[in-house]
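Report on the following structure.
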Amino acid sequence: MKIQSPTVGPIVGYTTADQVRIWLRGEFQKTPDGYRRCFGVAQLTASGAGGFGPPQFVKLPPYFDMTGVCAFTHLQPETTYEYRAGWFFAETGLDSLDATQDLDWSNAVKGQFRTGTADKSKGRSYVVGSCRYLLKLFGGLIFDERGDKTFNSILTQIRNRPVDGLVMVGDQIYADDLNFIAPGMGVDQFLERYRATFSQPNLRQLMSQVPTYMVLDDHEIEDNWPSKADDKDQVILYPAAMHSYQVYQCSHSPLFKDLDENNRVTGTLSHFWYLFRDGCCDWFVTDCRTERVWSNDPSQRRMVSEEQMEALLEWLADGSGLVKLIVSSVPFFPDLTSDKEDKWTGFVPERTRILDFILAKKIRKVVFVSGDVHCSLSAELKTPQDPSFKVISVISSSFFWPYPHMDSGAFGLTGKILSSSANQYEVVNPSPVYSTDNFGRMDITPAGLSVSFFERKGAPLGNAIQRNF
(Lines give C-alpha, C1' and ligand atoms only; values in the text may rest on other atoms or scores of the structure.)
Protein backbone atom coordinates (compact mmCIF):
# COMPACT_ATOMS: atom_id res chain seq x y z
CA MET A 1 0.00 0.00 0.00
CA LYS A 2 1.55 3.29 -1.13
CA ILE A 3 1.55 6.14 1.42
CA GLN A 4 1.03 9.62 -0.09
CA SER A 5 2.44 12.90 1.20
CA PRO A 6 -0.07 14.99 3.23
CA THR A 7 -1.99 17.59 1.24
CA VAL A 8 -1.69 19.92 4.25
CA GLY A 9 0.66 19.38 7.16
CA PRO A 10 2.01 17.59 9.00
CA ILE A 11 1.70 19.72 12.13
CA VAL A 12 3.51 18.67 15.30
CA GLY A 13 0.98 19.69 17.93
CA TYR A 14 0.67 19.09 21.67
CA THR A 15 4.00 17.68 22.84
CA THR A 16 5.01 16.71 26.38
CA ALA A 17 7.88 14.77 27.93
CA ASP A 18 6.19 11.51 26.95
CA GLN A 19 3.70 12.12 24.12
CA VAL A 20 3.09 13.93 20.83
CA ARG A 21 0.20 14.65 18.44
CA ILE A 22 0.87 14.72 14.68
CA TRP A 23 -1.88 16.22 12.47
CA LEU A 24 -2.22 15.81 8.72
CA ARG A 25 -4.68 16.07 5.84
CA GLY A 26 -5.38 13.49 3.14
CA GLU A 27 -7.53 13.92 0.05
CA PHE A 28 -11.23 13.80 -0.84
CA GLN A 29 -12.16 11.62 -3.77
CA LYS A 30 -15.75 11.15 -4.93
CA THR A 31 -17.18 7.80 -5.96
CA PRO A 32 -20.58 6.91 -7.42
CA ASP A 33 -21.65 5.83 -3.92
CA GLY A 34 -20.15 8.78 -2.01
CA TYR A 35 -16.41 9.00 -1.35
CA ARG A 36 -13.37 6.79 -0.93
CA ARG A 37 -12.29 5.96 2.58
CA CYS A 38 -9.12 7.81 3.50
CA PHE A 39 -6.73 7.08 6.37
CA GLY A 40 -3.70 8.77 7.87
CA VAL A 41 -0.67 6.93 9.19
CA ALA A 42 2.55 7.83 10.99
CA GLN A 43 5.53 6.09 12.56
CA LEU A 44 8.18 7.24 15.05
CA THR A 45 11.70 6.29 16.00
CA ALA A 46 14.10 7.88 18.44
CA SER A 47 16.87 9.53 16.45
CA GLY A 48 19.68 7.05 15.90
CA ALA A 49 17.70 4.15 17.35
CA GLY A 50 17.28 2.27 14.10
CA GLY A 51 13.95 1.09 12.68
CA PHE A 52 10.57 2.75 13.08
CA GLY A 53 8.01 1.59 15.60
CA PRO A 54 4.53 0.28 14.73
CA PRO A 55 2.36 2.58 12.60
CA GLN A 56 -0.48 4.57 14.11
CA PHE A 57 -3.57 4.75 11.87
CA VAL A 58 -6.33 7.36 11.97
CA LYS A 59 -9.49 7.89 9.95
CA LEU A 60 -9.57 11.08 7.83
CA PRO A 61 -13.30 11.81 7.46
CA PRO A 62 -14.89 14.31 5.03
CA TYR A 63 -16.74 16.08 7.84
CA PHE A 64 -13.30 16.99 9.29
CA ASP A 65 -11.94 18.05 5.90
CA MET A 66 -10.03 14.76 5.49
CA THR A 67 -7.83 15.53 8.52
CA GLY A 68 -6.84 13.58 11.59
CA VAL A 69 -4.34 13.26 14.42
CA CYS A 70 -1.91 10.42 15.14
CA ALA A 71 -1.12 10.32 18.85
CA PHE A 72 1.96 8.63 20.30
CA THR A 73 2.59 7.98 24.00
CA HIS A 74 5.30 6.43 26.21
CA LEU A 75 8.03 8.55 24.63
CA GLN A 76 11.29 9.52 26.32
CA PRO A 77 11.77 13.10 27.61
CA GLU A 78 14.14 15.54 25.92
CA THR A 79 14.62 13.17 23.01
CA THR A 80 14.71 13.87 19.29
CA TYR A 81 12.33 11.64 17.34
CA GLU A 82 12.15 11.12 13.61
CA TYR A 83 8.81 10.41 11.99
CA ARG A 84 7.25 9.66 8.65
CA ALA A 85 3.62 10.35 7.88
CA GLY A 86 1.09 10.33 5.08
CA TRP A 87 -2.27 9.02 3.92
CA PHE A 88 -3.82 6.35 1.72
CA PHE A 89 -7.16 5.09 0.39
CA ALA A 90 -8.43 1.70 1.52
CA GLU A 91 -11.72 -0.12 1.07
CA THR A 92 -11.88 -1.23 4.66
CA GLY A 93 -12.62 0.06 8.14
CA LEU A 94 -10.16 1.63 10.56
CA ASP A 95 -10.22 -1.36 12.91
CA SER A 96 -9.35 -3.69 10.03
CA LEU A 97 -6.05 -1.99 9.29
CA ASP A 98 -3.13 -4.14 10.37
CA ALA A 99 0.21 -2.84 11.62
CA THR A 100 1.89 -5.77 9.92
CA GLN A 101 0.60 -5.00 6.42
CA ASP A 102 3.05 -3.92 3.74
CA LEU A 103 3.32 -0.12 3.50
CA ASP A 104 5.32 1.75 0.87
CA TRP A 105 6.64 4.93 2.55
CA SER A 106 8.59 6.28 -0.45
CA ASN A 107 6.21 9.24 -0.95
CA ALA A 108 5.57 9.91 2.74
CA VAL A 109 6.78 13.10 4.39
CA LYS A 110 9.66 12.79 6.85
CA GLY A 111 10.34 15.05 9.81
CA GLN A 112 11.56 15.26 13.36
CA PHE A 113 10.68 16.90 16.67
CA ARG A 114 11.96 16.93 20.25
CA THR A 115 9.92 15.92 23.27
CA GLY A 116 9.53 18.22 26.25
CA THR A 117 10.89 17.92 29.75
CA ALA A 118 9.36 17.08 33.11
CA ASP A 119 12.20 18.91 34.91
CA LYS A 120 10.59 22.05 36.35
CA SER A 121 13.95 23.79 36.66
CA LYS A 122 14.65 23.66 32.91
CA GLY A 123 14.38 26.87 30.89
CA ARG A 124 12.30 26.92 27.72
CA SER A 125 12.33 28.98 24.51
CA TYR A 126 9.36 29.87 22.32
CA VAL A 127 8.63 31.77 19.14
CA VAL A 128 5.49 33.87 19.64
CA GLY A 129 3.48 35.92 17.19
CA SER A 130 0.12 36.65 15.62
CA CYS A 131 -1.68 38.14 12.64
CA ARG A 132 -0.55 36.32 9.53
CA TYR A 133 -2.36 37.90 6.59
CA LEU A 134 -2.70 35.96 3.32
CA LEU A 135 -4.73 37.25 0.39
CA LYS A 136 -5.58 34.66 -2.25
CA LEU A 137 -8.22 35.45 -4.85
CA PHE A 138 -9.62 34.06 -8.07
CA GLY A 139 -7.98 30.65 -7.96
CA GLY A 140 -4.59 32.08 -7.06
CA LEU A 141 -4.37 34.74 -9.78
CA ILE A 142 -4.12 37.27 -6.96
CA PHE A 143 -1.88 35.75 -4.31
CA ASP A 144 0.14 37.66 -1.71
CA GLU A 145 2.62 35.20 -0.17
CA ARG A 146 5.11 37.71 1.25
CA GLY A 147 4.18 36.76 4.80
CA ASP A 148 5.77 33.34 4.42
CA LYS A 149 9.19 35.01 4.50
CA THR A 150 8.73 35.62 8.22
CA PHE A 151 8.60 31.88 8.81
CA ASN A 152 11.67 31.34 6.66
CA SER A 153 13.51 33.73 9.00
CA ILE A 154 12.31 31.72 12.00
CA LEU A 155 13.50 28.49 10.39
CA THR A 156 16.90 30.05 9.73
CA GLN A 157 17.24 31.25 13.32
CA ILE A 158 16.24 28.02 15.04
CA ARG A 159 18.86 25.99 13.17
CA ASN A 160 21.40 27.48 15.56
CA ARG A 161 19.07 28.57 18.37
CA PRO A 162 16.42 25.84 18.77
CA VAL A 163 13.08 26.57 20.39
CA ASP A 164 10.71 24.34 22.32
CA GLY A 165 7.47 25.62 20.81
CA LEU A 166 5.66 27.97 18.47
CA VAL A 167 2.79 29.90 20.08
CA MET A 168 0.44 31.55 17.58
CA VAL A 169 -1.69 34.06 19.44
CA GLY A 170 -4.54 34.64 16.98
CA ASP A 171 -5.52 35.73 13.48
CA GLN A 172 -3.85 32.70 11.92
CA ILE A 173 -6.23 33.38 9.01
CA TYR A 174 -8.14 36.46 7.91
CA ALA A 175 -11.50 35.00 7.01
CA ASP A 176 -13.29 38.33 6.93
CA ASP A 177 -11.13 40.31 4.49
CA LEU A 178 -13.36 39.41 1.55
CA ASN A 179 -16.71 40.31 3.09
CA PHE A 180 -17.11 43.09 0.57
CA ILE A 181 -16.87 40.51 -2.25
CA ALA A 182 -18.46 37.41 -0.73
CA PRO A 183 -20.29 38.18 2.52
CA GLY A 184 -21.62 35.30 4.60
CA MET A 185 -18.82 32.78 4.10
CA GLY A 186 -19.75 29.14 4.51
CA VAL A 187 -17.69 26.31 5.93
CA ASP A 188 -16.16 25.45 2.54
CA GLN A 189 -14.74 28.96 2.22
CA PHE A 190 -13.30 28.89 5.73
CA LEU A 191 -11.69 25.51 5.11
CA GLU A 192 -10.18 26.69 1.84
CA ARG A 193 -8.66 29.71 3.59
CA TYR A 194 -7.02 27.42 6.16
CA ARG A 195 -5.70 25.09 3.47
CA ALA A 196 -4.13 27.97 1.57
CA THR A 197 -2.56 29.52 4.67
CA PHE A 198 -1.26 26.34 6.28
CA SER A 199 0.16 25.10 2.97
CA GLN A 200 2.64 27.96 2.61
CA PRO A 201 6.01 26.18 2.41
CA ASN A 202 7.96 27.87 5.21
CA LEU A 203 5.10 27.90 7.72
CA ARG A 204 4.39 24.29 6.81
CA GLN A 205 7.99 23.28 7.41
CA LEU A 206 8.13 25.15 10.72
CA MET A 207 4.96 23.54 12.09
CA SER A 208 6.20 20.10 11.00
CA GLN A 209 9.19 20.25 13.35
CA VAL A 210 8.31 22.57 16.27
CA PRO A 211 5.45 21.82 18.72
CA THR A 212 2.76 24.31 17.71
CA TYR A 213 0.03 25.85 19.86
CA MET A 214 -2.71 28.13 18.55
CA VAL A 215 -5.69 30.15 19.70
CA LEU A 216 -8.12 32.21 17.68
CA ASP A 217 -8.76 35.93 17.68
CA ASP A 218 -11.44 37.86 15.83
CA HIS A 219 -10.37 37.41 12.20
CA GLU A 220 -10.90 33.66 12.35
CA ILE A 221 -14.57 34.71 12.52
CA GLU A 222 -15.18 38.43 11.86
CA ASP A 223 -13.45 41.70 12.73
CA ASN A 224 -13.96 42.60 16.42
CA TRP A 225 -16.23 39.61 16.97
CA PRO A 226 -18.90 39.64 18.39
CA SER A 227 -19.49 43.40 18.57
CA LYS A 228 -20.83 43.60 14.98
CA ALA A 229 -22.61 40.25 14.90
CA ASP A 230 -26.29 39.98 14.00
CA ASP A 231 -28.61 37.01 14.37
CA LYS A 232 -27.62 35.64 10.96
CA ASP A 233 -23.94 35.75 11.87
CA GLN A 234 -24.62 33.80 15.05
CA VAL A 235 -26.47 30.97 13.29
CA ILE A 236 -24.55 30.79 9.98
CA LEU A 237 -21.16 32.50 10.11
CA TYR A 238 -20.14 31.49 13.64
CA PRO A 239 -20.80 27.71 13.33
CA ALA A 240 -18.91 27.60 10.02
CA ALA A 241 -15.96 29.50 11.50
CA MET A 242 -15.79 27.40 14.65
CA HIS A 243 -16.07 24.07 12.86
CA SER A 244 -13.11 25.08 10.68
CA TYR A 245 -11.23 26.33 13.73
CA GLN A 246 -11.66 22.97 15.45
CA VAL A 247 -10.42 21.13 12.35
CA TYR A 248 -7.27 23.18 11.78
CA GLN A 249 -6.33 24.69 15.16
CA CYS A 250 -7.94 22.78 18.03
CA SER A 251 -7.63 19.17 16.92
CA HIS A 252 -3.87 18.88 17.55
CA SER A 253 -3.94 20.96 20.75
CA PRO A 254 -4.19 20.02 24.47
CA LEU A 255 -7.95 20.67 24.19
CA PHE A 256 -8.45 17.03 23.22
CA LYS A 257 -6.90 15.41 26.29
CA ASP A 258 -8.47 11.99 26.02
CA LEU A 259 -7.11 9.06 24.06
CA ASP A 260 -8.99 5.79 23.62
CA GLU A 261 -7.51 2.33 24.09
CA ASN A 262 -5.97 2.54 20.61
CA ASN A 263 -4.26 5.90 21.30
CA ARG A 264 -6.77 7.77 19.15
CA VAL A 265 -7.95 11.26 20.04
CA THR A 266 -11.52 11.27 21.31
CA GLY A 267 -13.99 13.55 23.04
CA THR A 268 -16.16 16.60 22.32
CA LEU A 269 -15.14 20.14 23.21
CA SER A 270 -17.07 22.14 25.81
CA HIS A 271 -14.78 25.20 25.68
CA PHE A 272 -11.79 26.57 23.76
CA TRP A 273 -9.29 27.54 26.51
CA TYR A 274 -6.59 25.10 27.52
CA LEU A 275 -3.45 24.50 29.59
CA PHE A 276 -0.07 22.89 29.02
CA ARG A 277 3.28 22.65 30.81
CA ASP A 278 6.89 22.22 29.77
CA GLY A 279 9.91 22.68 32.02
CA CYS A 280 9.65 25.86 34.09
CA CYS A 281 6.75 27.13 31.97
CA ASP A 282 3.07 26.73 32.82
CA TRP A 283 0.71 28.02 30.10
CA PHE A 284 -2.95 29.02 30.26
CA VAL A 285 -4.23 29.76 26.76
CA THR A 286 -7.38 31.85 27.22
CA ASP A 287 -10.32 32.14 24.87
CA CYS A 288 -10.98 35.87 24.65
CA ARG A 289 -13.47 35.67 21.76
CA THR A 290 -16.11 32.99 21.84
CA GLU A 291 -17.30 33.58 25.42
CA ARG A 292 -17.64 37.35 25.10
CA VAL A 293 -20.86 39.12 25.88
CA TRP A 294 -20.93 42.49 24.17
CA SER A 295 -22.86 45.54 25.34
CA ASN A 296 -22.57 49.27 24.78
CA ASP A 297 -22.77 49.46 28.58
CA PRO A 298 -19.28 48.50 29.88
CA SER A 299 -20.73 47.19 33.14
CA GLN A 300 -22.70 44.55 31.19
CA ARG A 301 -19.82 43.24 29.10
CA ARG A 302 -18.00 39.96 29.65
CA MET A 303 -14.66 38.90 28.17
CA VAL A 304 -14.63 35.31 29.50
CA SER A 305 -17.15 33.02 31.15
CA GLU A 306 -17.23 32.58 34.90
CA GLU A 307 -16.06 29.00 34.37
CA GLN A 308 -12.97 30.17 32.50
CA MET A 309 -12.32 32.96 35.01
CA GLU A 310 -12.47 30.58 37.97
CA ALA A 311 -10.22 28.08 36.18
CA LEU A 312 -7.69 30.83 35.49
CA LEU A 313 -7.65 32.04 39.10
CA GLU A 314 -7.37 28.51 40.48
CA TRP A 315 -4.46 27.82 38.10
CA LEU A 316 -2.71 31.05 39.12
CA ALA A 317 -2.91 30.13 42.81
CA ASP A 318 -1.86 26.48 42.51
CA GLY A 319 1.48 27.10 44.25
CA SER A 320 3.52 25.40 41.52
CA GLY A 321 6.26 28.05 41.55
CA LEU A 322 6.40 27.83 37.75
CA VAL A 323 6.42 30.77 35.38
CA LYS A 324 2.75 31.53 34.70
CA LEU A 325 2.28 32.42 31.04
CA ILE A 326 -1.22 33.60 30.10
CA VAL A 327 -2.02 33.80 26.40
CA SER A 328 -4.57 36.48 25.65
CA SER A 329 -5.23 37.13 21.97
CA VAL A 330 -5.83 40.83 22.76
CA PRO A 331 -3.48 42.95 24.92
CA PHE A 332 -4.03 42.81 28.67
CA PHE A 333 -2.00 45.98 29.13
CA PRO A 334 -0.87 48.69 28.35
CA ASP A 335 -4.17 50.44 27.70
CA LEU A 336 -4.80 51.59 24.16
CA THR A 337 -5.74 55.15 23.32
CA SER A 338 -7.99 54.10 20.41
CA ASP A 339 -9.84 50.92 19.38
CA LYS A 340 -9.69 50.09 23.06
CA GLU A 341 -13.21 48.74 23.55
CA ASP A 342 -12.19 45.47 21.88
CA LYS A 343 -9.22 44.89 24.23
CA TRP A 344 -9.06 44.31 27.99
CA THR A 345 -9.24 48.09 28.33
CA GLY A 346 -12.92 47.71 27.44
CA PHE A 347 -13.43 45.03 30.10
CA VAL A 348 -11.94 46.73 33.15
CA PRO A 349 -13.86 44.92 35.95
CA GLU A 350 -12.64 41.48 34.80
CA ARG A 351 -9.08 42.68 34.30
CA THR A 352 -9.10 44.29 37.74
CA ARG A 353 -10.42 41.07 39.28
CA ILE A 354 -7.44 39.17 37.87
CA LEU A 355 -4.90 41.77 38.97
CA ASP A 356 -6.40 42.13 42.45
CA PHE A 357 -6.26 38.34 42.82
CA ILE A 358 -2.58 38.25 41.82
CA LEU A 359 -1.91 41.07 44.29
CA ALA A 360 -3.86 39.51 47.18
CA LYS A 361 -2.37 36.05 46.71
CA LYS A 362 1.16 37.42 46.16
CA ILE A 363 1.54 35.42 42.95
CA ARG A 364 4.84 35.96 41.16
CA LYS A 365 6.27 35.19 37.72
CA VAL A 366 3.14 36.17 35.78
CA VAL A 367 3.49 36.99 32.07
CA PHE A 368 0.72 37.92 29.62
CA VAL A 369 1.46 37.03 25.98
CA SER A 370 -0.70 38.81 23.41
CA GLY A 371 -1.00 39.80 19.76
CA ASP A 372 -3.68 41.53 17.66
CA VAL A 373 -2.41 45.12 17.40
CA HIS A 374 0.13 44.91 14.52
CA CYS A 375 3.11 46.04 16.56
CA SER A 376 5.33 44.51 19.24
CA LEU A 377 6.47 45.66 22.68
CA SER A 378 6.92 44.62 26.29
CA ALA A 379 6.16 46.40 29.57
CA GLU A 380 5.72 45.79 33.29
CA LEU A 381 2.90 46.56 35.70
CA LYS A 382 3.56 47.65 39.28
CA THR A 383 1.43 48.83 42.21
CA PRO A 384 2.21 51.04 45.23
CA GLN A 385 0.22 48.60 47.37
CA ASP A 386 3.05 46.03 47.14
CA PRO A 387 6.55 46.97 45.88
CA SER A 388 7.26 43.30 45.04
CA PHE A 389 4.22 43.00 42.74
CA LYS A 390 5.13 42.67 39.07
CA VAL A 391 3.21 41.49 36.00
CA ILE A 392 4.88 41.40 32.59
CA SER A 393 3.26 41.97 29.19
CA VAL A 394 4.69 40.72 25.89
CA ILE A 395 2.83 41.75 22.72
CA SER A 396 3.99 40.19 19.45
CA SER A 397 2.29 41.22 16.19
CA SER A 398 2.23 40.97 13.22
CA PHE A 399 3.81 38.09 11.34
CA PHE A 400 2.63 39.90 8.20
CA TRP A 401 0.26 42.82 7.68
CA PRO A 402 0.62 44.76 4.39
CA TYR A 403 -1.00 47.95 5.68
CA PRO A 404 -0.03 50.64 8.24
CA HIS A 405 0.93 49.38 11.71
CA MET A 406 0.21 50.85 15.14
CA ASP A 407 2.92 52.92 16.79
CA SER A 408 3.78 54.10 20.31
CA GLY A 409 1.10 56.80 20.19
CA ALA A 410 -1.57 54.09 20.32
CA PHE A 411 -0.64 53.07 23.88
CA GLY A 412 -0.45 54.55 27.34
CA LEU A 413 3.14 53.50 27.94
CA THR A 414 3.46 55.19 31.31
CA GLY A 415 1.09 55.94 34.15
CA LYS A 416 -1.92 54.20 35.63
CA ILE A 417 -4.18 51.81 33.76
CA LEU A 418 -7.93 51.83 34.31
CA SER A 419 -8.99 50.00 37.48
CA SER A 420 -12.39 49.27 39.02
CA SER A 421 -11.04 48.80 42.56
CA ALA A 422 -9.16 50.87 45.10
CA ASN A 423 -5.92 49.26 43.90
CA GLN A 424 -3.98 51.22 41.31
CA TYR A 425 -1.67 49.65 38.73
CA GLU A 426 0.98 51.54 36.81
CA VAL A 427 2.80 50.73 33.57
CA VAL A 428 6.59 50.95 33.94
CA ASN A 429 9.71 50.00 32.01
CA PRO A 430 8.16 49.93 28.53
CA SER A 431 10.27 48.74 25.63
CA PRO A 432 10.34 50.48 22.26
CA VAL A 433 7.27 49.81 20.11
CA TYR A 434 8.21 48.02 16.88
CA SER A 435 5.82 49.01 14.10
CA THR A 436 6.80 46.53 11.44
CA ASP A 437 6.19 42.91 10.57
CA ASN A 438 8.08 40.75 13.04
CA PHE A 439 8.16 37.72 15.29
CA GLY A 440 9.01 37.44 18.96
CA ARG A 441 11.26 35.05 20.82
CA MET A 442 10.92 34.38 24.55
CA ASP A 443 13.77 32.67 26.41
CA ILE A 444 12.42 31.79 29.86
CA THR A 445 14.11 30.54 33.03
CA PRO A 446 12.81 30.28 36.60
CA ALA A 447 14.64 33.57 37.32
CA GLY A 448 13.54 35.73 34.41
CA LEU A 449 12.56 36.30 30.83
CA SER A 450 14.43 37.56 27.77
CA VAL A 451 12.25 38.95 24.97
CA SER A 452 13.63 39.62 21.49
CA PHE A 453 11.86 40.83 18.36
CA PHE A 454 13.04 40.25 14.80
CA GLU A 455 11.80 41.86 11.61
CA ARG A 456 10.38 39.80 8.76
CA LYS A 457 13.75 39.10 7.14
CA GLY A 458 15.33 38.08 10.45
CA ALA A 459 17.28 41.15 11.58
CA PRO A 460 16.97 41.97 15.30
CA LEU A 461 14.78 44.90 16.31
CA GLY A 462 16.76 46.60 19.06
CA ASN A 463 18.34 44.73 21.93
CA ALA A 464 16.89 41.81 23.88
CA ILE A 465 14.59 42.98 26.70
CA GLN A 466 15.50 41.46 30.06
CA ARG A 467 12.75 40.99 32.66
CA ASN A 468 13.59 39.57 36.08
CA PHE A 469 10.91 37.84 38.13
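The values are calculated or read from the model by the stated rules, or taken from the named source; none is laboratory data. Predicted, not measured: the structure shown is a model, and the values here were computed from it. Please note: Cβ atoms are built from the backbone with ideal geometry, for glycine as well, and neighbour counts cover all protein chains shown. What goes into the accessible areas is simple: the full protein's heavy atoms, side chains included, and nothing from ligands, DNA or RNA. Shrake-Rupley method; radii C 1.70, N 1.55, O 1.52, S 1.80 Å.
For this structure, a couple of remarks:
- Excluding ligands, DNA and RNA, the accessible surface per residue across the chain is 39 Å² with a 1.4 Å probe.
- The GluC sites (Glu not before Pro) of region 332-398 meeting both criteria, a DSSP state outside H, G, I, E and B (loop) and at most 15 other C-beta atoms within 10 angstrom of the site's C-beta, are GLU341.
- For the chain, the share of accessible area belonging to carbon and sulfur comes to 49 percent (1.4 Å probe, ligands and nucleic acids excluded).
- Take each peptide in 53-62, 389-398, count the other Cβ atoms within 10 Å of every residue, and average; sorted highest first, the result is 389-398, 53-62.
- Length added when fully stretched, ASP386-ASP102, from 0.36 nm per residue minus Cα-Cα: 95.6 nm
- Here is the list for region 326-372: trypsin sites (Lys or Arg not before Pro) lying in DSSP coil, each with at most 12 other C-beta atoms within 10 angstrom of its C-beta, are LYS362.
- THR436/ASP33 FRET efficiency (R0 45 Å; Cβ-Cβ; nearest 0.05): 0.25
- In the chain, the calculated helix contribution to ellipticity at 222 nm averages -4000 deg cm²/dmol per residue, counting -39,500 (n - 2.57) for every DSSP H run with n ≥ 4.
- Links that overshoot a 19 Å alpha carbon limit, given the list LYS343/LYS457; LYS120/LYS390; LYS110/LYS457; LYS2/LYS110; LYS122/LYS390; LYS324/LYS362: LYS343/LYS457; LYS120/LYS390; LYS110/LYS457; LYS122/LYS390
- Were the residues from GLN76 through GLU306 laid out at 0.36 nm apart, the gain over their Cα-Cα distance would be 79.0 nm.
- Available extension along the chain between LEU94 and ASN468 is 129.5 nm, counting 0.36 nm per residue and deducting the alpha carbon span.
- Where TYR245, TYR238, TYR63 fall by accessible area, highest first, once all protein chains stay in place (1.4 Å): TYR63, TYR238, TYR245
- Separation in nanometres of the label points that stand 7 Å from Cα toward Cβ, at SER420 and ALA46: 5.2
- Rg/Rh, computed from the Cα trace of region 373-469 with Rh as the Kirkwood radius, has the value 1.01.
- Normalised contact order of region 1-131, rounded percent, pairs of Cα under 8 Å and 6 or more residues apart: 32
- Principal axes of region 179-318: Cα extent on each, largest first, Å: 43, 41, 30
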